[in-house]
Structure formats: C-alpha cells, structure tokens
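Laboratory data are not the source of any read-out in this text; all were calculated from the coordinates shown. Because the structure is a prediction, the values reported are computed rather than measured. We place every Cβ from the backbone using ideal geometry, glycine too, and count neighbours over all the protein chains shown.
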Amino acid sequence: MHTKINIILAGVGGQGILTIAAILDTAALDNHLNIKQSEVHGMSQRGGAVQSHVRISDQPIYSDLIPQGKADIIISVEPMELLRYLPFLKKDGYLITDSNPFENIKNYPELETLYNEIKSHKNHILIDAMKIAKDLGNSKATNIVLLGAASSLIPLSDESFQKAIATLFERKGERIVAKNLEAFLKGKEIAAELVS
Amino acid sequence: MKKLLLGNEALAQGAIDAGLSGVYAYPGTPSTEITEYIQKSKIAQELNIHASWSVNEKTAMETALGMSYAGKKSMVVMKHVGLNVAADVFMNMSVSGINGGLVVVVADDPSMHSSQNEQDSRYYGKFAMIPILEPSNQQECYDITKYAFELSENLGLPVLIRLVTRLSHSRSGVTTGERIAQNNIHLPKISTQFQLIPMHARGRYKHLVDLQPDILEISENSAFNTFYEGNNKTIGIIASGIAYNYLMENFEEGNCPYPVLKISQYPLPKEPIKHLFDTCEKILVLEDGYPFIEEAISDFLGENRKVIGRLSGDIPRVGELNPDNIANALGFDIVINENLPKVVLGRPPQLCIGCGHNDLFNAINVLKNESATQQVFGDIGCSALGVLSPYESINTLIEMGSSITMAIGASNAGIHPAIAVIGDSTFTHSGMTGLLDAIIEKTPITVIISDNSAIAMTGAQDSAASGRLITICKGLGIEEDHLKVITPLHKNLQENIDIIRDEINYKGVSVIIAQRPCVQLPKEKKDKLKEYTNVSIN
C-alpha cells in the first residue's frame, strides 16, 4: 500500500495556515517522503482568501496543485473558507474546521447556514479550536489544535508530528513548544471523541 | 538530505552555487523570495554577494550588466511587468553581449494572482534573440540556474529564465550540488563590445544574428528538452515548463501513452517537433501563459489545423493551466462530487487594520463628495486597494508611476481636481520623472505620496524613498509652499481634508506626503523611521 495524501489548507491571509503546512512538510521530510506544497504570496495575503495545497507521497508527485475531486482532507481555520474548496474534495473526504468566523467582508453569511452546510457532509469535524487553544493558555495555537484534529487521518506518526512541532517552535522557547504540543494532542483527543 | 525549497529559493540557491557575485532586483510577486533568500543566506554573506534592492528593474538590470562588464557573474530578478521597465537595457545587452555570466530571471503570473496582466516573458526572450530556460519543477529551478550561468558565459549572451507563480511559490525537496567559484575581475577582451554607437552596434548585432544557429543547436541537444516515445500516436504532446507536471498528473504513475516532448529550453528544438508532426495525427500544445509555442508551429491560416491548444480552444485561452483543464483537453471526464455552495462569498484582499492608506482614502472620499469632477489616478502597491470597497476612491490603475503622468494628461484635457495617489516606493521607482514633467509645466495637479516607508504589498521590504521624499521633491523643483506633510490618522481627518482641499485649489503642482509607517514593519524599523518623520520642510 502506497503512502499518498492530498490536503488543502484554507483560511484568511494572516491566520497561520503556512505554519500547519510547515509542520506537515517537516514531518513528511523526516519520513523521507516526497512533498509538494504550494502557497500564496502577494496580494491575497492582505486579508483575502488564501490556500495551500499539501501533497505527500512515497511515489513521485507531479502536479503542485491538487486536481479537483482529489483532496483527502480540507483543513480550514475559518468556516466559510472551508467550503470554498469543496470542489477539490474527494468523495468521502474529510472536512475539518474551526467554527469561528473571520468577518472582514460585507454580508458575511449566517453562521447557522454555514454550519448546516458543513454538517451536511458525513465526514466533518467542526470544533471551536480557538476556544480550545485559549483554554490551554495559547490562543495563537488554534491552527495546531486543528492539525491535531486532522492528524489521525494523515499517514504520519504522532512522533513525527511532535518532532516537527518541536523543531519549528524551537526558536520561540521551551514553553511555546510545550503549549503547541499540548494543543496538538488536545485537538487529536477531541477529534477522536467526535468521530467515535 | 534534500532541502525543502520554494521554486524561487531553489533558483536562488542555484545562483549562489553557480558562483554569483551580485543579485539586483525590485520586489514583485511572484519573484520576491529569490532575492530575499540570497539576502538571508549565510553563505551568500560570506561570499560577499551583493544583494540589496534596486530602485527599479531598469536600474537593477543595468547594475547587473555593470558587474558582468567587470567580469563577475550577476543576476537580475523581477516579475513579468518589471521586464517592461527594464526592456531598454534588456534589448540592448543582447546586442552588446555580456562578459561575466548574466542571468535574467522573470516570474510570470498567469491568472493574474497579483498582477494587472498575464504577459508571457518568452516573447521578450525571443525578441532579444537569447536562450530561454523554463524549469518544470523545483529541482530543475536549481539545476537550470547553474546551467544558465555556464550557458551565458559560453555564448557571451544574457540568458532568460522564465518562472510562473505556481512554481515560484511551491515547495519540494531539492538536492543541491557543488559550488562553483566566483569570477575575479576581468575586463572584456574586445574593447568595442560595450560601445554601442552605430558603427560598433552593427557588428555586434550581426554577431548576435550569426550566433542563432549555435543557440538552436544547443537547444536541440539540451538535457532539459526531453522526448518520450509513446505508443499511441493519435496525439503527440508538447508540454513546456510546469505544464509537463500537470500533464503527467493525469496518468497513473506518470505512464502517458502518447509521445511527449517536454520543453524547458528555447529556441524551440526543431528536430523532435518535426518528428511529432511526422508520426502523430494531432499535436496538443500545453504551455502556461500565452500560446507561444502553439503560434510558432501552427499553420498561418489555421486551415490545416493539426495543432491544438489555447488558440484552438481546447485549452482556455486565458488563465493558468492546472491538471483539470489539461484532463479536459485529453478528453478525460473529471469527477467533481461537490460544487461550490452559494453561501460562499468572495473575499478580496484589503488594507490591514491600522493602515494609513485607509485614513487617506477617507479624506479623499470626503473631497469627492464636494467636487463631482474630481478624478483620482492611482498606482501600483497596497494603495491600489483603494479601488475596492469600502473606499472606491481611485478611478485608474495601470502601471508603476502612471498616477502622476495620467493626472497631468487629464489636467491638460481640462479635468479638475486631478489627484494622483502613489506609494513612496512606487514614487521612487517610476514617479519622480513624471513629477518633473508636471513641475516644468506648472500643471495644476495634486500629488499625494502615501508614504508608509515600505514596499508593503510584497512584504514590507526597504523603500528607497524612506527619509528622502522631501529632499527629492524639493530637488525636482516643487515650490516649498506647496509641499506638505500630513499624518493620515482618524484624529487628523478634518485637518488633512483642509490641507488637501487648499492644494487642490492651487493652480500649480502640489505634493502632499501622507506619512505613516506600514503596520507590517517590525518595531525596530518603525523606531528608526521616527528619526526622520516630523522633520520640518524648511
């Protein structure tokens, strides 16, 4: 069985999806897997919709972009941004998102409408990751909670994820590393409860 | 172990390892990270590689040429529209040729993610009659750059590397190789080479023309142009650069049944294309950007259409390629299980919270309500976001520097008030000469330089204008009474409106510098800026 996964990361410019991408990249590289990871620089970074395509495989990866209908998971830091990439989702693919809206546009949709749309998909994990992160004393770790929630669906070991988190946050000190590891594990735990 | 690098970073590392002595650039998406990588590289610092930003792409390319004249290897980097700015030197340095290896890197932006057009730089390469290289993946970004310097020195010509956004901004594992030594200073062997007066230029141009068969032969034999013989001859495929990846994505383990010619070096290799024509029923051309290859190999009247691609409509004529539009062209059904729900709204980019441009546009909008004839000519950069809601303050946005000069023309036509809004870095890039035009003719326009002391849109790089705007404007000859500095803050709104209104009413050129540092700047830079803000005009 080949290792192969396509993940779309979604959010608004400045919400930290590239940190999730960097952890996935580092963990995959540590496992000697092939990676392609596209990201958005420039105009859209200024409060616009941004996305990153992360592709991990033990086989050669050709395209930097995931074809439509081929994403295994969409992880979003914002509920409306999650739905923007639905055409990329594989049949029975997973949707994972934070429930908190980022309202910087006129006529932002009703939250209930968004949540109902998300809940209409069998495979979804809709959590208040921001609150979970805050409760752990690090509101900046919302993205790491979401990564934790997605981790059991990704063919990389917990150990590699944790090693990658430790590597990436090393410069910010031991306390920040510990807080992020905690956020990762909490996200994983909550997702396990929801899915079971 | 492989390093995980953006296409841009892989290219930059390739340049360092090719023995680079200087990189010259003006920031522009999607090219910016190339120069930034070299600026941050410890090895580059140890090697004393010059890597600071230039004022614009033209000065950057000329400086790179100067380093090449001195015998050292240099590189100049820009986004596609930057090459328009540098086109004068670009076209002429292919005639003079180079001394130390000189590589021009241009990142095109198909689909216009952060640009106002999707022009294809390969036409410029052909126009200048120089070799073009187009990497298809991150590893090739590294390998091709090292090769480009070698090719440049072998031919005595500049070499163009063309990137596209998706390759510039996508990461993958890259294996790096040995580093080649930098050059020592050595002047050109032929003393007239760089003296392009007509009598010498004719000889140099003849030399460039005479080199063309050699350049073609090198391309025909290039390891970066590869041919895969497939059994199914119903279609022969030509895929250039990144298009090759999107093509292969459509076949399990990359097993494409059709013959495929992958092109990463130009001029177009004739032999393999002729082979495809002779053996295949149809030719499908896959290329990101304009139909450059398709146009070159199609018959003129399109009556004997054997070649399909963007011109034939099999691939959309505009926008970037992706695995899906190529699947369509191959006749595959794409299975999409989900459509975009109606509840999803567009989320365009917008100014950051706490951005000074915001308060400037609020003032301009009050004045718009006072005068129905007011026209505001905008410019490139973050201030361009004034086009969008909630501001809708700007009437035009064309290219770097056009705010001031378009305001002059509109004023000549009888428009009043004619206001130009330009960022500080855009002003030093291309606005200063236009301001001089206005000053010479005393044109009644109001120029507002929205000075956030950064090249903000591309990531808050250092602006050449920082601390120099007052001196520059006075030097150009602006009257001191009509050079004003304001601070665009909400609490100053009424005062700022009054100052701008007074200058609009002045029947000559006024410059208002609206000064407030970019919120994206780190604190230490903001503190440093305080040294020159609040400096009085006198």
**Study point:** Net charge of Cβ neighbours under 14 Å - reference B:MET406; Lys, Arg +1; Asp, Glu -1
**Key:** -3
Revision key, fill the gap. Expressed in nanometres to one decimal, the distance between label points 7 Å along Cα→Cβ at A:GLN59 and B:ASN337 is 1.9 nm
Practice item. Determine the shape class of segment A:43-125: with a ≥ b ≥ c the square roots of the Cα gyration tensor eigenvalues, call it rounded for a/c under 1.5, and otherwise prolate if a/b is greater than b/c, oblate otherwise. Key: oblate
Practice item. Using only the Cα atoms of chain A, build the gyration tensor, take square roots of its eigenvalues as a ≥ b ≥ c, and label the shape rounded, prolate or oblate: rounded if a/c is under 1.5, else prolate if a/b is larger than b/c, else oblate. Key: rounded
**Study point:** Under-5 Å amide H pairs with B:ILE448, H placed in peptide plane, nonlocal only
**Key:** B:ALA420, B:VAL421, B:ILE422, B:ILE512
Practice item. Express in whole angstrom the spacing between the alpha-carbon centres of segment B:3-59 and segment B:364-437. Key: 32 Å
Review point. From the phi of every residue in segment A:91-104, what ³J(HN,Hα) in whole Hz does the Karplus formula 6.51 cos²θ - 1.76 cosθ + 1.60 yield, where θ is phi - 60° and glycine or proline is x?
Key: 4, 6, x, 9, 10, 10, 8, 7, 8, 7, x, 10, 9, 10
Practice item. Please turn the phi angles of segment A:151-156 into ³J(HN,Hα) values with the Karplus equation 6.51 cos²θ - 1.76 cosθ + 1.60 (θ = phi - 60°), one per residue in order, whole Hz, x for glycine and proline. Key: 4, 6, 8, 10, x, 10
Review point. How do B:GLU303, B:GLU118, A:GLU159 line up, fewest other C-beta atoms within 10 Å first?
Key: B:GLU303, A:GLU159, B:GLU118
Practice item. For n ≥ 4 DSSP H runs only, could you compute -39500 (n - 2.57) per run for the protein assembly as shown, divide by its residues and tell me the 222 nm figure to the nearest 500? Key: -11500 deg cm²/dmol
Point to revise | Overall form of segment B:226-329 per C-alpha gyration tensor (a/c, 1.5; a/b vs b/c) | key: rounded
Review point. In whole Å, what is the distance between the alpha-carbon centres of segment A:97-127 and segment A:135-175?
Key: 24 Å
Review point. Which ³J(HN,Hα) values in Hz, rounded to whole numbers, follow from the phi angles of segment B:287-294 under the Karplus curve 6.51 cos²θ - 1.76 cosθ + 1.60, where θ = phi - 60° and Gly and Pro get x?
Key: 8, 7, x, 7, x, 5, 6, 4
Point to revise | Local net charge near B:ALA243, Cβ-Cβ under 12 Å (Lys/Arg +1, Asp/Glu -1) | key: -4
Review point. Relative contact order of segment B:226-329: what whole-number percent is it, with Cα pairs under 8 angstrom and at least 6 residues apart?
Key: 30 percent
**Study point:** For B:CYS518, net neighbour charge (Lys/Arg +1, Asp/Glu -1) across residues whose Cβ lies under 15 Å away
**Key:** +1
Practice item. Run the numbers on chain B and let me know its relative contact order in percent, using alpha-carbon pairs under 8 Å that are six or more apart. Key: 11 percent
Check your understanding: Which distance in Å, rounded to a whole number, links the C-alpha centroids of segment A:1-34 and segment B:292-313?
Key -> 40 Å
